[in-house]
Amino acid sequence: MDSAGSQYPGGFVAIEGERISALGPAAEAPPAQGWELIDCSGCIVMPGLINCHTHLPMVYFRGLADDLPLHEWLTGHIFPAEGAHLSPQFCHEATLLAAAECILGGTTCVNDMYLFADSVASALEIAGLRGLVGEGVIGFPTPSAPTWQDGLKLSQELLRKWQGHPLITPTFCAHAPYTCGVELLQSLYTAAQQHGAPFHIHLHETHAEPGMVQWREGDETPTAALKRIGILGAELIGAHGVWLSERDISLLAHGGCSIAHCPCSNLKLASGIAPVPQLLAAGVPVGLGTDGAASNNNLSMFEELHTAALLPKGAHRDPAGLSATAMPARTAVELATSRAARALKRSDIGQLAPGKLADLIVLDASAAHLAPRYHHEGAVYSHLAYSAQAGDVRDSIVNGRVLMRGRRLLSLDPAALRAQAQAWVDRSYPPAG
Ligand SMILES: [Zn+2]
């Protein structure tokens, strides 16, 4: 899976330092001497999966409150839990557990928005995972920032500390148009533009969202409102985009904005189904995201990929609108790899090609659910989109560093992280009686 979509049965990938130096058919492989070899016989070697929208520390809230619509879930359960428990230590420890889950499931890069983002970044650095990381700024007091101006200051400190880091890319994050005012949004967006940093925001996640944007004019959509205040440019990564209108889609395409599609979270919170085929047809870069583990409830990009591949095919009440080609398997795989990289404004990841950063995974294809394998070009995409599971990922390499070998994590101790998470739950939410 290089930039031309070529496949090399029995081929090789060579990594030098943090980058891929060569790849191709086995006959062109360099002599084995002097290289550390990873035998991938019977395996699929592919670009690592890129999670375009998540809140990693929320793994500690997995299973806290379920089967609720977004706003009741958020204001009745998640915001109060965050108010009671968040700290730099909480975010650091929870991110380590989330990173273990990501690596075990084949994710090599995440785009995270949460509070105490510096703790998220330092945990990702320990894990060895690549991350775009931003402090979530919102128009009311949070555990990390009493005012949004303090949140902006934290974002700028994050940028100063992590800019140029080989794994961490600082971003600017505004929570959503309905929780952020105009001055906040414009200040944060201007800062992102000044530093050439991505601007990450939840966008039109629910049907009710437009009415909750207090600063909108008339019956403007959130996207049109953002356009009016001047922040619908190439830096913008909008999460969800479930209820985008045709005009919204063309505004996003015109602005060079991208969308992080989170199908599992959108289904679980009963938010709806995003118009992904329409976004792709308009040329809007789209990548997949899991959202936080409290609304998913896992960080498996393979599960997200399966859902994204299936959903547009059945998303019509009108039988004439149903189409088995609404999301081809290969496009779905690209939404988690090359298209995801584009959605995150990254040209250096998402593909296996000389010069790209060495972020790749090895899938053990020996499981019963991956047999047999046909020899036509689309067969491997079909397996990846419809059959592969997170547990099939055998090895993971990020930035040229091996993070998992034979399903054993080399940078983290998942048993210790699980025990730490359980101890936190037992302390914070002790069993009744
Ligand atoms: Zn989210």
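Structure notes:
- Count of residues meeting criterion [surrounded by fewer than 24 Cβ atoms within 10 Å (Cβ to Cβ) and either within 15 Å of the ligand (Cβ to nearest atom) or under 12 Å from the mean Cα position of the chain (by Cα) (or both)] in the range 303-312: 0
- Any hit, the range 232-251, residues being away from the ligand (no atom under 16 Å from the Cβ) and without any contact (Cβ under 8 Å) to a residue 12 or more places away in the chain: no
- Being farther than 15 Å from I44 by Cβ, modelled with pLDDT of 95 or more, of a type outside the set (S, T, Y) and touching a Cys at 6+ places or on another chain (Cβ under 6 Å) is a description that applies to A343.
- Pairs meeting the criteria (first residue in the range 30-46 and more than 20 Å from A371 (Cβ to Cβ), second residue open to solvent by 50 Å² or more (accessible area, probe 1.4 Å), beta carbons under 8 Å, at least 6 apart or on different chains) are I38/R405.
- Whenever a residue of the range 160-188 is over 17 Å from R228 (Cα atoms), its partners that are hydroxyl-bearing (S, T, Y) and modelled with pLDDT of 95 or more, lying with C-beta atoms within less than 6 angstrom and at least six residues away or across chains, give the pairs F172/S155.
- Subset of the range 252-265 [within 16 Å of the ligand (Cβ to nearest atom) and surrounded by fewer than 24 Cβ atoms within 10 Å (Cβ to Cβ)]: C264
- For K268, the conditions (1) within 16 Å of the ligand (Cβ to nearest atom); (2) open to solvent by less than 10 Å² (accessible area, probe 1.4 Å); (3) touching a residue at least 40 places away in the same chain (Cβ under 8 Å); (4) among the charged types (D, E, K, R) are fulfilled apart from (2).
- For the range 57-69, taking the residues that are part of a helix (DSSP H, G or I) and away from the ligand (no atom under 11 Å from the Cβ), the one that is surrounded by the fewest Cβ atoms within 10 Å (Cβ to Cβ) is identified as F61.
- Restricting the range 271-298 to residues that are more than 16 Å from the ligand (Cβ to nearest atom) and out of contact with any strand residue (DSSP E or B) (no Cβ under 7 Å at 6 or more places or on another chain) leaves a set whose member that is farthest from R330 (Cα to Cα) is I273.
This table checks each residue for (1) basic (K, R); (2) within 17 Å of the chain's Cα centre (by Cα); (3) assigned to a loop (DSSP other than H, G, I, E, B).
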{"site": "W215", "(1), (2), (3)": "no, no, yes"}
{"site": "G238", "(1), (2), (3)": "no, yes, no"}
{"site": "D248", "(1), (2), (3)": "no, no, no"}
{"site": "C264", "(1), (2), (3)": "no, yes, no"}
{"site": "A270", "(1), (2), (3)": "no, no, yes"}
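The values are calculated or read from the model by the stated rules, or taken from the named source; none is laboratory data. Since the model is a prediction, treat every value here as computed from it, not as a measurement. Glycine also receives a Cβ, built like all others from the backbone with ideal geometry; neighbour counts cover every protein chain displayed. These accessible areas exclude ligands, DNA and RNA; they are computed on the full protein's heavy atoms, side chains included. Shrake-Rupley method; radii C 1.70, N 1.55, O 1.52, S 1.80 Å.
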